[in-house]
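Have a look at the structure below before the remarks.
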Protein chains: 2
Amino acid sequence: MATFGDIGVAAAINIISALVFLIAFAILRLQPVNDRVYFPKWYIKGLRTSRTTSGAFVKKFVNLDYRSYIKFLNWVPEALTMPESELIDHAGLDSAVYLRIYLLGLKIFVPIFLLTWAILIPVNWTNNTLERSKENFSQIDKLSISNIPHGSPRHGNLTYDYVDYLFWAHVAMAYVVTIWTCFMLKKEYETIANMRFYFLQSEKPRADQFTVLVKNVPRDDDETLSETVQHFFLVNHHDNYLTHQVVCNANKLAKLVKKKQKKQNWLDYYQIKFSKNPLKRPTMKTGFHGFWGAKVDAIEYHEAEIEKLSNEIAEERKNVVNNPKAIMPAAFVSFKTRWGAAVCAQTQQARNPTLWLTDWAPEPRDVYWKNLAIPYVSLTIRKVLMGVAFFFLTFFFMIPITFVQSLANIEGIEKAVPFLKPIIDVKPIKSLIQGFLPGIMLKIFLMLLPRLLMLMSKFEGYFSISRLERRSASRYYLFKIVNVFLGSIITGAAFEQLNTFLHQSANRIPETIGIAIPMKATFFITYIMVDGWSGTAGEILRLKALIIYHLKNLFLVKTERDREKAMNPGSIGFNTGEPQIQFYFLIGLVYAVVTPLLIPFILVFFCLAFVIYRHQIINVYNPKYESRAAFWPDVHGRVITALIISQILLMGLLSTKHAVASTPVLLALPILTIGFHIYCKGRFEPAFTRYPLQEAMNKDTLDQVREPNLKGNLKGYLEKAYLHPVFKDEDYEDHYDDGSLVMPTKRRARRNTPSTSRTGGGLGPLLPEIILEEHKP
Amino acid sequence: MATFGDIGVAAAINIISALVFLIAFAILRLQPVNDRVYFPKWYIKGLRTSRTTSGAFVKKFVNLDYRSYIKFLNWVPEALTMPESELIDHAGLDSAVYLRIYLLGLKIFVPIFLLTWAILIPVNWTNNTLERSKENFSQIDKLSISNIPHGSPRHGNLTYDYVDYLFWAHVAMAYVVTIWTCFMLKKEYETIANMRFYFLQSEKPRADQFTVLVKNVPRDDDETLSETVQHFFLVNHHDNYLTHQVVCNANKLAKLVKKKQKKQNWLDYYQIKFSKNPLKRPTMKTGFHGFWGAKVDAIEYHEAEIEKLSNEIAEERKNVVNNPKAIMPAAFVSFKTRWGAAVCAQTQQARNPTLWLTDWAPEPRDVYWKNLAIPYVSLTIRKVLMGVAFFFLTFFFMIPITFVQSLANIEGIEKAVPFLKPIIDVKPIKSLIQGFLPGIMLKIFLMLLPRLLMLMSKFEGYFSISRLERRSASRYYLFKIVNVFLGSIITGAAFEQLNTFLHQSANRIPETIGIAIPMKATFFITYIMVDGWSGTAGEILRLKALIIYHLKNLFLVKTERDREKAMNPGSIGFNTGEPQIQFYFLIGLVYAVVTPLLIPFILVFFCLAFVIYRHQIINVYNPKYESRAAFWPDVHGRVITALIISQILLMGLLSTKHAVASTPVLLALPILTIGFHIYCKGRFEPAFTRYPLQEAMNKDTLDQVREPNLKGNLKGYLEKAYLHPVFKDEDYEDHYDDGSLVMPTKRRARRNTPSTSRTGGGLGPLLPEIILEEHKP
C-alpha cells in the first residue's frame, strides 16, 4: 500500500530524470557536431547541409555561444508554433494526425479530470469504510472507490438506499465518461476524415492516385503476363485503361546492386585517401574483412570488382526482364483518370473473386515488394496460422522464457563453459549474474517482440509497409492488454490467467479483475511516470541514434553518402508508438471512475509526449511512407475497446460491492458503445478505405484546369512510377521520392548537387527562423 | 429409456400418418374441383385454365376415371423427371437451388451413414460398459458412444491404452465427418456460384441488371430530388447514366386503389347477377357490411362509389407526384450498360458514405417499398434495438408466456367471465381446458414467431423481400438452436440455461451439454419422425390451402379474378423452411459420431422432403421474387455453424469420458473448420453479392449481338420499370411481372384474355405430358 509519500518520491525521481534528459538534449542539440542527429529531417529535405567548409575548426564541433544555452527550453515554443497546415506540408498528413492522438487524449481526459476531481474525490474521501475496516490502507485508497461502503441489503434498508445513492454518483460518472469520450471520438473521426479528403484533394497529381494494384493475375500459356493484363483491362475498362507495369521478382538483383554499392563506397574511400596522399597508393587484403589474404592495390581491386558486379547485374537484369518465371502474377495498372482507378479499385473484376484482385495501390515507396506474389489460398492459411501463433505467443510466451531461465542459472553456465568457472565464482560477479539472469531473457524478448510481430505481419502477406505497421500495432496492443494490463492486475503468467478464466464462470471474470483494480492504482501511477514521463523525455535525447551516429562517423563513414546514411532519422514507429499511447487511454478510462487520482499523471504524459513528438516530427523523423492517416480507424477502434473494457470492469467491481442494482444500468453502456462503434464504422471508415467517385471526378476536373498539360505526360510518368526500386535507381535504399508526378526529380536533384553549392539555397519559407538564427557562423 | 420397440411403434405411427397424407393427396389432387389448389403454378403461368365450359356437370367436380386412382403414387416420378435446367426455367433459380439443400443433405449423410454403421456401431456394440454398470439402459444406448468404457487412467495402463484406442475410432470419425462435410460444402458452393453466373448470363435483359438503388439522396432546397439525382449521376457517371425514377411515398394511394378494387369487384358481381337475372335489379344496404342502412340499387351505388374513389385517386396521384414531401430520398438509377450499373453498385459515390448509398437493385417485384426512406442513423439504432430485442426474445420468451398461463387457469376464467361458470364446471370441458390451456399459449406463440421475426426484420429496414426472408431465417435458426436443440438437451427454459452458463466456467458448458447428448438420441429420433416425416408428408396435402380455397369459393368468390386470388399458391417460405432443414443438419452432425443409429432417420427425411418439395415447386408454389440463389452463403454458413457446434459438443462429451488426450486433437477441428469458412467466404461469397465487371462486360457485348434493337428501347423500358406498383397497374396485387424487358406484357396479355379463348393455346414444351394426359375431357 503506497502512501502519498511513496508516490511523491517516485514522482520526484522521474521528474528529475526527465529534466536531466531534457537538459542534456538542450545542450547536445546545440552542438554542430550533433546537428545531423537532432535535425536530420531538414537535411533530408535539403534545407540544411553539413557545414564542413566554413568557420573555425572548433566551432565545427562545439557551440561556444553561451547565449544559446540560456534559452535551453526554447525548443518547446518552436515545436508548438508551426501551424498544423504547415506541419502537414512539412512532415505529411500521417505525422500531423499521429500528433492528434495525443491531443485527443488531452481533449478526453481534461474534462474528465475536472469532473471526477470535483465530484468523485469528495464523495470517496468523505466516507470511512477503510477506517472502519481497520485494515492497512493508504491515503490514496481513501480517494478511490474502495472507500465507499459495501452496499449489502442485509444492513437494513436505510443503509442500502444511502449506499445506492453513493454508487449512483459513480454510475452517473461512468455514463458521463462514456458519452464524453464517444462525443470526442466522433468529432475527431469527422475532422480527420475531412483532413484526409482535403489532403487528397490538394495533393499534386501522384502515381498512386491513378494506379491500382492487381494481384493474382492468372497465368496464360499463350500470352506473357504483361499481355494478359493489357488485354483484360483493355476489354473490361476500355475507356479508362492507360498503361501497366508488371512486378518482377528482383530480390537477387537487389542483392547484387547492394553489394556493388558497398564496393563503390570503398572505392570512393580509397580514392579520397589517395587524392589526399597521392604518394602512397592505398593497399588492402582480399581475405575476410581485409584481415588476411594477398595484398593488392585497393583502387584497382575495387574497380575490377565493380566491373565484374556491373556485368553480373546487367546479366541478372536481362534475366529478370525476360524470364517469364521472374515475372510475378501482379501488376500495377494505371488509368487515365482518378475516376477510372477508383472504379477499378472498388469493384470485383472476374468471376473468380480470388483472381484479378484489385486494390488501391500504395505509394511506390510504401510497397512491400516481397509479398506481391502470394497466392490466395496461401494467404488464408497464413492468416489462420498466424492467428494461432499469436494466440500462443500471447498466452504462453512465458513458458519457453521460464525454461531458458531455468537453464541459465549459475550452475548451468559453469557446466556449459567450465573454463569460465573461476571468473563466475568471484562473489560480486556471481551476484550480478544471479540478479540479472532471470530478468534478462524477458527483457530481450520484450525488445524483440515488435520485430517478431512485424515478421508475423510480413508472413501474413500484406503488401504495403503501412499495412504491416498497422497490423503489428493491433497485435502489440492485444499483447499489452493481456500481458501488461491484465498481467499486472492479476499477477501470474498469462497462461495461468487463461486457465483460471476457463475454469471460472463467465460473469466471475470481470469480478475477479474488478476487485483487483483499485489496489493496483499506485502500480499504474508509477508505471506512467517511468514509461510515460522519463521514457518520453528520453525519446527526445535519441541517445541510441546519437551514439551510433558518432560511432559510425568515427569508424565507418568514408564518404558524404555514408554520412547521410549514418544519420538514420528514424520514423514515428507506428507499430510500437501507437499501442503505447493506447495503453494510456486504457488505464485512463479504467481508472477515471475508480481512482480519479490517476488522471493528472496521464494528462502530464499526454502534454509532454505531444510537445516532444511534435518536435521530433518537425526536426527528426523522416516518414517511410504517407498513408494519408489510413490508421485512424484502428486508433478509434482501440479507444472504443478500452472504453468497453473499462465499462465491463466497473460492472465487475460494483457487483462485488453488492451494488447489484447498478449492473443492469451499467449493462446499457457497452451496448450503447458498440452501437456507437457500428455507427462510426459505417459513417467514417469508408473515407479511409475507398476513394468516392464524386471526389475522384472533382479532382479530375480540377486537374484539367490546373495542369492542362498533365494528360499528355501522364502515360510517360506512370509507365515508370512503379518499377521495382532496383530498376529505377541503383542506390535505391535512401532515395527520397514521394511519388509526385509533377516534379518527380526536383528534390533529388537538389540533394545530389555537391554540398558546397547548396549551402546558400533551398531555405524556403518552411524553415523556422529559429534554426536560421542558431546557425549563424 | 426408449427401446427398439418404442421407436418401432413411433415409426409405425408416423409412417402410417405419412401414408395417409400421401394417399389423401393422391385422391384429392385428381378431382378437378381441387385443381387450383394442387396445380396453381400452371394456372399462374397461363398453361392451365378453369374448365368451366366443357364436359358434364359432375365431371367438373369429381374425377370418375378409376384408372387414374390406381397409379396413386405416379406424382413421384413426375416430380423427379423434370431435369434441373427445365426446373430453373419453370420455377426459377431460387427454387432449384433450394431443392439442392436437400440433395446436399443426402450427399453429406449417405457416406457418413455407411461409414459410421460399418465402423462405429460394431465398436459401440461389442463393448459392455452399460451391462457392467447395471443401470437401466436400452439397446439403443448400446449402439451409442455411451457403451464405450470410461477411460480413466486410474484403471491401470492397459485399460487406458485400450480405451484410448477405442475413442480414437470416434475421433478419427469426427475428422472424417468434418472433412467430408467441408468437401461437399465447397463443391456445392462452387456449383451454385457457377449456376448463378450461368443464370445471370443466360437471362433475358431485365430491369434490375441495369439498375442501381440509390438511397439517402441528400435534399437540396434549389432543386427537386429528381433533378438532384440526375445532376449527380450526369456528373459522376456521365458516360453510363441513362435514366432514373424517384421513389414516392404512395402508401395512401395504394390503400385507395385497393379500396376501389374491392368496390369494382362487387360491381362485377352485381353486374353478373343482373345479367343472369335481368328482371330484378340487385339491391343492397349501405351500412356496415351490408347488414343495415338504407336500401339502394347496388349497381348504381357501386358505380357512384367507384366514380368518387377514382376522383380521390386522381387527386392523391397528383399529390404524390407533385408534392415534394411525398418524394422519398431514394431513387432507382438506370445505366446504359450492365457494366455501368455494376460499377455504380460497387463503389462509394460521395464523400459522406451515408449519402448516395448505392446497391444492386432488387427485382421490381422484390422491392419492399416501405423501407426505402429510412435514414442512415435510424438504421443503426434499429439494428441495435432489434439485436437486443432478439436476445430477450430468445432467452426470456418463456417469462410472459408462463405469466399468461398462470392467469389463464380455470379459476381465472371463472372470475373474469362468471356467466360461463356453469359451462366450465362441466367435468369433460373442465379437464379439456385444463389439459389444453398450458400448452395453447406456447403453441400460439410458436406459430406467430416467424411473423414476429419477419416484423423485426422489416423494422430493421431491409429493402427487399428476399433480404427480409433471409434475415428472418437466420434469427429463426438461432431461436431453434437455443430453444429447441439446447432446450431439449438441457431441459429447462432458455433463461435458466443462460443463468447456468453464466455461473459456470467456460469449459464446463460443452461438458454439461455433451453428457446429455447421447441420452437424448431417442427424443430426437421421435422429433425427426413427427416433424420431418409426417409434417413433410402433410405439406403436400395443403390442407389449410384446400379448406380456405373451398370456403372462399363458396362464400367470397364473385368473379374469375376473385377465384384467381383465392388460389393462393404460396411460396417456399424460405424464412421457416430453410431453418427447419438446417435443424436436421445440426442434429445429424451432432449425432453422426455419438449415436450413428439416428442418421438413417434423417436420410428418410431428406429423401421424402426432396420429392415432396420438388413436386410442390413444380406444381404449386409461385415464388414472390427471384434472388438468383442469393441465400446460399447463409445456407453454407449455417451448416458450418452446425459442424462447429457438433465438434465442440463432442469435445465436451469425450472430456467427461476421461479421454482427455483426445481434446487437443479435437481442438484442431473447429480451428480448421473456421479456416475453411474464411476461405469459402473469400472465394465464393462475392459471387452472391457483387456483379464482376468481366461478367457484366461479357453480357453487354453478347447483348449487342443478340438483341441489337435493345439499346434503342432500353430507356423507354427502364423509365417505367421501377414505378411504385400502384402507378403501374391498378390491380397490382396479383400481377405477374418478372421484370423482363424484352417481353414485358406477353404473359399478362395471355392471362387477361377471356378464359374461353385460351383453353387451347399456351401449352408450351414446358408442360409435362402427364398433365396433358390426366385432363383429357
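The values are calculated or read from the model by the stated rules, or taken from the named source; none is laboratory data. Since this is a predicted model, take the numbers as computed values, not measurements. Note that we place each Cβ from the backbone using ideal geometry, even for glycine, and neighbour counts take in every protein chain shown. Note: accessible area is taken over every heavy atom of the protein model, side chains too, but ligands, DNA and RNA are not part of it. Shrake-Rupley method; radii C 1.70, N 1.55, O 1.52, S 1.80 Å.
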Between copies, how close do the A:L234 label points come, placed 7 Å along Cα→Cβ, listed in nm from shortest? 3.5
Protein chains only, probe 1.4 Å: how do A:F183, B:F606 rank by accessible area, largest first? A:F183, B:F606
Just to be sure I understand the interface: list residues from the stretch B:687-702 that lose 20 Å² or more of accessible area between the chain on its own and the complete protein assembly, 1.4 Å probe. B:R690, B:P692, B:L693, B:Q694, B:E695, B:M697
At B:T283 and A:D531, where each label point lies 7 Å from the Cα along Cα→Cβ, what is the point-to-point distance in nanometres? 9.5
Leaving ligands, DNA and RNA out of it, rank A:M519, B:M328 by accessible area with a 1.4 Å probe, largest first. A:M519, B:M328
Among B:S627, A:S571, what's the order by accessible area (1.4 angstrom probe), most exposed first? A:S571, B:S627
Taking accessible area as the heavy-atom solvent-accessible surface of the protein chains with a 1.4 Å probe, which residues of the stretch A:356-377 lose no less than 20 Å² upon going from the isolated chain to the full protein assembly? A:Y376, A:V377
Taking protein heavy atoms only, a 1.4 Å probe, and rounding to whole percent, the accessible area of the stretch A:187-287 owed to carbon and sulfur comes out at 52
Estimate for me the total accessible surface buried between chains B and A (protein heavy atoms, probe 1.4 Å, no ligands or nucleic acids), in Å² to the nearest 100. 4000
Distance in nm between B:K259 and B:K295 label points, each 7 Å along Cα→Cβ, equals 2.8
Quick check: at a probe of 1.4 Å, how many percent of the accessible area of the stretch A:346-387 sits on carbon and sulfur atoms? 64
Mind listing, in residue-number order, the residues in the stretch B:319-352 that have at least 40 Å² less accessible area with every protein chain present than in their own chain alone (1.4 Å probe)? B:W339, B:Q346, B:T347, B:Q348, B:R351
Shortest first and in nm, the label-point separations between B:K325 and its counterparts in the other identical copies (7 Å out along Cα→Cβ) come to 7.6
Note down the accessible area of B:I429, probe 1.4 Å, to the nearest 10 Å². 70
Taking amide hydrogens as modeled 1.01 Å from N in the peptide plane, which residues meet the under 5 Å criterion relative to B:V620, leaving out close sequence neighbours? B:K41
Given the candidates B:P596, B:F555, B:T656, the one whose Cα lies deepest towards the positive end of the charge dipole of the stretch B:527-669, counting +1 at each Lys or Arg C-beta and -1 at each Asp or Glu C-beta, is B:F555
Assume the label is 7 Å from Cα along Cα to beta carbon: what separations in nm does A:A169 have to the matching positions in the other copies? 6.9
